[in-house]
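Colleague: Pasting in a structure now, in structure tokens, and then I'll have a few things to ask.
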Amino acid sequence: MAKASEIRKGLVVELDGKLLMVRDIDMQTPSARGGATLYKMRFTDLRSGHKVEERFKGDDQLTTIELQRRTVVLSYVDGEEHIFMDNDDFSQYPIRSTDIADELLFLDESTVGIQALLIDGQIIGLEPPQTVEMEIIDTVPELKGASASARTKPATFATGLTIQVPEYLAIGDRVRIHTTDKRYVSRAD
């Protein structure tokens, strides 16, 4: 059991007999003194794939489910499923592509540090690494004389992700991207 204020993105909770993975949390602090902070949580039902939205007070108790984490790599795509391979015992874990659409923006065959989230040996979700290195495949041309100022331009990557990057970067440059915030961190070495 955990308080609603202790729940984080990526945890699995049991609510009304359903296993729900926390996808997003919005905290709403009331303006009145003594008002309870509300947590609006968006979940994905792990069995049906449906989206669920609930509100909780900060001290409401939720039942958390223990997850097993395994380090995996993307092995191949088979129709509507992505197949991930365990780095230790080479087990194959299929998961529907639609269930991991947000995570796929940061993943390709070369991505290391992907964590598969398992319950009873069944994959229920992925956790990408904190930062990933990706190559820019499309952006406006490099500006001559551009400095490392705060001016940015959009850049697109092979996975379809588009983020703002400094204007001095060009097509073919490898950059580090923070996966949680979807933002540019630095150039890759």
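Colleague: With each pseudo-label sitting 7 Å past Cα toward Cβ, what's the E81-A158 distance in nm, one decimal?
Modeller: With each label placed 7 Å out from Cα toward Cβ, I get 2.4 nm.
Colleague: Turning to a different aspect of this structure: With every protein chain in place, what's the accessible area of S110 (1.4 Å probe, Å², nearest 10)?
Modeller: 80 Å²
Colleague: OK, next. With a probe of 1.4 Å, find how much accessible area the range 56-160 has per residue, and write the answer as a whole number in Å². Mind dumping the intermediate values first?
Modeller: Working: 5980 Å² over 105 residues.
Value returned for the range 56-160: 57 Å² of accessible area per residue.
Colleague: Take R33, R8 and sort them by solvent-accessible surface of the protein heavy atoms, 1.4 Å probe, largest at the top.
Modeller: R33, R8
Colleague: Right, another one. Ranked from the most accessible area to the least, with a 1.4 Å probe and all protein chains present, what is the order of I136, I25? Intermediate values should be presented prior to the final figure.
Modeller: Details: I136 0, I25 50 Å².
So, going from the largest accessible area down, we get I25, I136.
Colleague: Can you pull the percent of the chain's accessible area that's carbon plus sulfur, 1.4 Å probe, other chains left in place? Kindly include the intermediate steps, with their values, before the conclusion.
Modeller: Details: 5210 of 10990 Å².
It is 47 percent, rounded to a whole number.
Colleague: Okay, which of the range 48-78 sit inside 19 Å, backbone N to the point 7 Å along the Cα-Cβ direction of E14?
Modeller: 48-49, 60-69
Colleague: From largest to smallest, what semi-axes in whole angstrom does the range 50-108 give when each is the square root of 5 times an eigenvalue of its alpha carbon gyration tensor?
Modeller: Values: eigenvalues 170, 55, 19 Å².
Semi-axes from the Cα gyration tensor: 29, 17, 10 Å.
Colleague: Would you work out if the range 92-189 is rounded, prolate or oblate? Take a ≥ b ≥ c from the square roots of the eigenvalues of the alpha-carbon gyration tensor; rounded if a/c is under 1.5, else prolate when a/b is larger than b/c, oblate otherwise.
Modeller: prolate
Colleague: In a Gaussian network model over the chain where Cα atoms closer than 10 Å are linked, find which of R47, R176, R96 has the largest mean-square fluctuation.
Modeller: Of R47, R176, R96, the most mobile in the Gaussian network model is R47.
Colleague: Roll a 1.4 Å probe over the protein heavy atoms and report the accessible area of K40 in Å², nearest 10.
Modeller: Rounded to the nearest 10, that gives 40 Å².
Colleague: Distance cut-off 20 Å, Cα to Cα: go down the list K40/K182; K9/K57; K18/K182; K57/K182; K51/K182; K3/K57 and report the pairs above it.
Modeller: On the way: K40/K182 22 Å; K9/K57 17 Å; K18/K182 30 Å; K57/K182 29 Å; K51/K182 22 Å; K3/K57 9 Å.
Among K40/K182; K9/K57; K18/K182; K57/K182; K51/K182; K3/K57, the Cα-Cα distance tops 20 Å for K40/K182; K18/K182; K57/K182; K51/K182.
Colleague: Quick one: compute the contact order of the chain, relative version, from alpha carbon pairs under 8 angstrom and 6+ residues apart, as a percent.
Modeller: Rounded, it is 13 percent for the chain.
Colleague: If you don't mind, another one. Figure the gain on full extension for T64 and D45 (residue separation times 0.36 nm, minus the Cα-Cα span) and round it to one decimal in nm.
Modeller: Answer, rounded to one decimal: 5.4 nm.
Colleague: Something else now. Who wins for biggest fluctuation among D89, D60, D120 in a Gaussian network model of the chain, springs between alpha carbons below 10 Å?
Modeller: Among D89, D60, D120, the largest mean-square fluctuation in the Gaussian network model of the chain belongs to D89.
The values are calculated or read from the model by the stated rules, or taken from the named source; none is laboratory data. Since we're looking at a predicted model, the values are computed, not measured. No Cβ is skipped: glycine too gets one built from the backbone with ideal geometry, and neighbour counts run over all protein chains shown. Heavy atoms of the whole protein, side chains included, go into the accessibility calculation; ligands, DNA and RNA do not. Shrake-Rupley method; radii C 1.70, N 1.55, O 1.52, S 1.80 Å.
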